[in-house]
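None of the figures in this text is laboratory data; all of them are computed from the coordinates on show. Every value quoted in this text rests on a predicted model; they were computed, and no experiment measured them. Here the Cβ positions follow ideal geometry from the backbone for every residue, glycine too, while neighbour counts run over all protein chains shown.
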Amino acid sequence: MFRDVSSCNTYNYGDALYWDARYVQEGGSFDWYQRYSALRPFVRTYIPPPNSTVLMVGCGNAVMSEDMVRDGYESITNIDISSVAIQMMRTKYDHIPQLKYMQMDVRDMSFFPDESFDGVIDKGTLDSLMCGTDAPISAAQMLAEVCRVLKPGGTYMLITYGDPTVRMPHINRPVYNWKISLYNIPRPGFQKPESTSSSRKSYLDPIPLTEKGLLPPDFILEDPDSHYIYICRKNNNTEMDNIPPYRLTADVL
Ligand SMILES: C[S@@+](CC[C@H](N)C(=O)[O-])C[C@H]1O[C@@H](n2cnc3c(N)ncnc32)[C@H](O)[C@@H]1O
């Protein structure tokens, strides 16, 4: 149930051995889905620099964290289940004290005390777990841990190919009590066909969700290979219910 296995191909993205072998073979660096430059308005708005403490879950060998340090972030802890990726990144970023790398399974982050981080960023990691065995259990373990390590009022930012029909059943559970808003951005290099008309003003506009947390019936997906950004804000038991999703503005661009 709720497993979008069609996107998993034949690879076992949920398996640490798969990732170790891949990082040994490929080396270098690679950012899945999107680069920081495209995500910057969202990251800076919901997890503002310089003082936010950030946890990057399933960092792989992406340069996103390095780009964030260049953009003013002062504390980014990066974890990954692959010891190969972590060793490569430690060596590469030895000279950048704002970046820490630790080998860790996102389903068990007991090393971190409760309420340790202002922001948790997940680009493709929940997606990987969804391709593994026991995917719904893995997802629940991961999301419970993410919720636990977030400070009240903190933000879990999920960047994924998964639309709300396959992701909301996992993230929109009362136990997490997150206030969720959703954005959708095209894949890098996507050219909108000239004939396409759209009611959407900008990718920086949050998508108004239905009561069930789904896309509105009149929502037009311009790029079928676009990415969703779920902004999940942890309730701080004060005024969270009154905070609307932000309309992102040029001052964060
Ligand atoms: C699709 S890649 C994304 C890498 C990086 N976030 C990016 O945007 O390029 C998924 C990453 O999640 C890691 N991963 C998979 N399962 C994990 C787990 N249970 N705990 C921590 N990391 C995991 C993999 O090793 C891999 O580096």
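What does the charge add up to near Ser52, with Lys and Arg as +1, Asp and Glu as -1, over the other residues with Cβ less than 11 Å from its Cβ? Once all neighbours under 11 Å are counted, the net charge is 0. Using the Cβ of Trp19 as centre and a radius below 11 Å, the other residues enclosed give a net charge of -3, where K and R count +1 and D and E count -1.
Within the P(r) computed for the chain, what percentage of the Cα pairs occupies the region above 23 Å? Across the chain, Cα pairs with separations above 23 Å total 50 percent. Set the Cα radius of gyration of segment 86-132 against 2.2 N^0.38 Å, with N its number of residues, and you get 1.35. A protection proxy built from the mean count of other Cβ atoms within 10 Å ranks the segments 136-142, 153-159, 209-215, most packed first, as 153-159, 136-142, 209-215. If both residues of a DSSP beta bridge must be in the chain, then about 40% of such bridges are antiparallel.
Our helix-only sum for the chain, with -39,500 (n - 2.57) per DSSP H run of n ≥ 4 divided by its residues, gives a mean residue ellipticity at 222 nm of -7500 deg cm²/dmol.
Above 25 Å, the calculated P(r) of segment 22-139 contains 19 percent of its Cα-Cα pairs.
In segment 72-184 the Cα-Cα distances spread across 5 Å bins starting at 0 as 2, 10, 20, 24, 21, 14, 7, 2, 0 percent of all pairs.
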